[in-house]
Structure formats: C-alpha cells, structure tokens
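The values are calculated or read from the model by the stated rules, or taken from the named source; none is laboratory data. Since the model is a prediction, treat every value here as computed from it, not as a measurement. We place every Cβ from the backbone using ideal geometry, glycine too, and count neighbours over all the protein chains shown.
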C-alpha cells in the first residue's frame, strides 16, 4: 500500500468518568482554578501596555500567581500552560475575525473543564469489556466507560495515538474527551445511489426513495411526570423567594434535577441522530439536503407594540419543535460522515421544494393540503402522495439539474455542483 492512500484524521471521543467523591472535589477545584487563571490573565492583559502583552511576560505572570495564590496550586502546571495558550489563541481568533474578543468567565455560566495537554501522561489501559483506566494529574487512576476502541498499548504509535484530553463537567457528571490522531486509508468513492432529504417536525427525516426515519418520545411517561412535578416545585419555591434574595439550596437541587432529565433527553436525541446519519452515510453516495437558514425560521412572531404579531403562542411552539429536532446538527454530522465513507453532501436551495409537484414539475397554489398530504392541482397531473417524500424528490431534482451547492469539508465555502443528467435521460 502506498503512502498516498493514507490520510491523517483527528477526532474526539468522549467517555463518562467514574470519579469518587474525593475525585469529584479535586476535579471541581481544578476547574475553578482554571477559570480563575483565565480571569487573572484577562485582567493582566487589560492592565499591561501593548509592548508587554507577550507570551513570555504572561508565562512569568502565571508562575508568580501560582506562588502567591495557594488556591491555584491545585491546578497542574501543564493545565495552567494550556489555559495560557488557549487565551492567546482566543485573541488570535478575534484578530482574524473568526470570533469575538475573549471576556471574563462567570462562575455559573461557564462550562467547567480542565485540559490535559500531554497524551503520554494518561497511561490508558483497558481492564474490562466496558471499563478502562486513565491517569488524571493530581486525581490518580480513574475508571472510564469504554465505548470505543482507542489506540493504546501495542496499537499506539507515532501515527495512531492519543495526543491529549480534556475533563468536562456537564449536568450528568464528569467526562473525559480524548483527542485521537489516526492514519487511515483514503476512502474509495461511494458507489451508492443519490438521495434527497427533507427535514421536518412531524417526520424528522424523509428520503426521496420513500424511506423515513422517526424517533419516539425522548422521555418516558414517568420521566415526563417527574419533570412536570419538578418544574411546578421550582416555580412554587421561586415565588416564595424575596427580591434579591439568594437562591436556596433546595431550589438549586430542584434545578439540578430538572437539568438532569433534560440532559438525558438531549443525549437520547443525539444518539438517534448519530445512528440515523451513520446509516444514511453508509447507504448513499450523494446526500442532498436543503440549504435552510434556521435562525430566520425560529424568529419570534411577537412583533412590536405598534404592530403586534399573530399566533404568537403557536409560532413559539413551532420554534421549540424546530430547535428540538436540531436540523443543523444533523447536517453537520452528515458532512463528515459522508466524507469518511467516500460520499458527498450537497445543499440545494430550499424555496419552493415543498410546493412543487415532483411528477409534473408545476407549482400550483393549494397543493399542500396538509402537513402530510400533497395533491397536485394541475389538471394534467393530479398526483397525490406524501408531502415530505415529494419535497425530498424535489431536493434531489435540483441537484440533478446542477442547481445545488457542495460544501467544502470543514469550511463554509461552497461551489457549484456538477450537472448530473437524470436517470431517465442517460
């Protein structure tokens, strides 16, 4: 096998940690110290003149802060250096126009995280079919959930290895995100068929070949009832709180329970999206989706005092449903998964795809009789069928007519798609 057929791939893998209560306190202290280090760096940056805002001066300031403030000593030295590099990179991203200027990190609105920049310090070992062990600085050996084969032990080399990790805390506890680098064979062009995709609320994903992908409820009946009780309890306790009074511990615990149930629903939705997009990427060679501007679709209909909106409550419910389906995340997954399997993802213009008849190609008013039924009002056609499948076929038709855009992998750059003749004309 020649070297030209290999390509370097970098990706992340997230696993759940099984920390002891003492380990949780250690991780919490390190995350708070990392956030404090960021805020101290930001203060130092604003105080220093421009000629002294260098990496060397900032490194000296960090070393002095770790000596003067005992609380910062809990943060490993390499993690402190990672905070410094991340802060300077944030300013570079701002100067290049890729992000806003860095700012202070608040205690309750910041994701708690600690970076482990050196992968060789992790010493990962698989001890069981479901569990592995990893070395975390100043926390010792910790078990983590083994859900993916990692390049460790004899499988690790210069091309296939774990380059680092990051500890992240969310509603369900502490997790570790590994940074993995592998050398993989360049995939052959996918020989599967072309398919158009229409995303919706009632039917999440409908394909042009008649296939549909739907999901059930994200929470069970008991979990929904528990969530309702917790929300009512939180509202009741919030009513009894006086203005400017500190939130009680009971209300905080209720908020944590609500966030836990919502995080569980989000993970189930994410799991369904991963499974569905993987199946589509493995089956089809070219996937055509609509180029939707989701931010415009979920704007509020409230209006202004002079011109109030109509059906505001119904539009708010529709916005929540659209946000819950996470169409943008589905497209993002399809972009890199189709590329990994040798396929291509194409974006087609969205206007008119749900109103045009996929059989005769005529757009007539009133053809979309309901959310699920499409009946062509053209006297020469009269075709009727599922509205979602009709829209998916229209999306595929735009690609075959050469009116679609092919996103470049990992960038927002697009180019005109190559014109493809329909199957009937070949």
key: Cβ-Cβ under 8 Å pairs, at least 6 apart or on other chains, the range 209-220 side surrounded by fewer than 11 Cβ atoms within 10 Å (Cβ to Cβ), far side not in a loop (DSSP other than H, G, I, E, B)   = 217/224
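Yes/no matrix, rows are residues, columns are (1) surrounded by fewer than 12 Cβ atoms within 10 Å (Cβ to Cβ); (2) touching a strand residue (DSSP E or B) at 6+ places or on another chain (Cβ under 9 Å); (3) outside the structural domain of residue 348 (by TED's automatic domain parsing):
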site	(1), (2), (3)
199	no, yes, no
225	yes, no, yes
244	yes, no, yes
271	yes, no, no
295	yes, no, no
ask   = Counting residues that are without any contact (Cβ under 8 Å) to a residue 24 or more places away in the chain, farther than 30 Å from residue 173 by Cβ and touching a helix residue (DSSP H, G or I) at 6+ places or on another chain (Cβ under 8 Å), which strands (runs of 3 or more DSSP E) fully inside the range 267-379 reach at least 1?
value = 373-375
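Matching residues to (1) exposed (fewer than 15 other Cβ atoms within 10 Å of the Cβ); (2) more than 26 Å from the chain's Cα centre (by Cα); (3) not in a strand (DSSP E or B):
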| residue | (1), (2), (3) |
| --- | --- |
| 110 | no, no, yes |
| 129 | yes, yes, yes |
| 141 | yes, yes, no |
| 150 | no, no, yes |
| 175 | no, no, no |
message = Tell me yes or no: at least one residue of the range 165-172 is at positive phi and part of a strand (DSSP E or B).
response = no
The range 152-162: number of residues that are over 27 Å from the mean Cα position of the chain (by Cα) and in contact (Cβ under 8 Å) with a residue 12 or more places away in the chain = 1
message = Exactly one of these conditions fails for residue 61: (1) under 31 Å from the mean Cα position of the chain (by Cα); (2) surrounded by 14 or more Cβ atoms within 10 Å (Cβ to Cβ); (3) part of a helix (DSSP H, G or I). Give me its number.
response = (1)
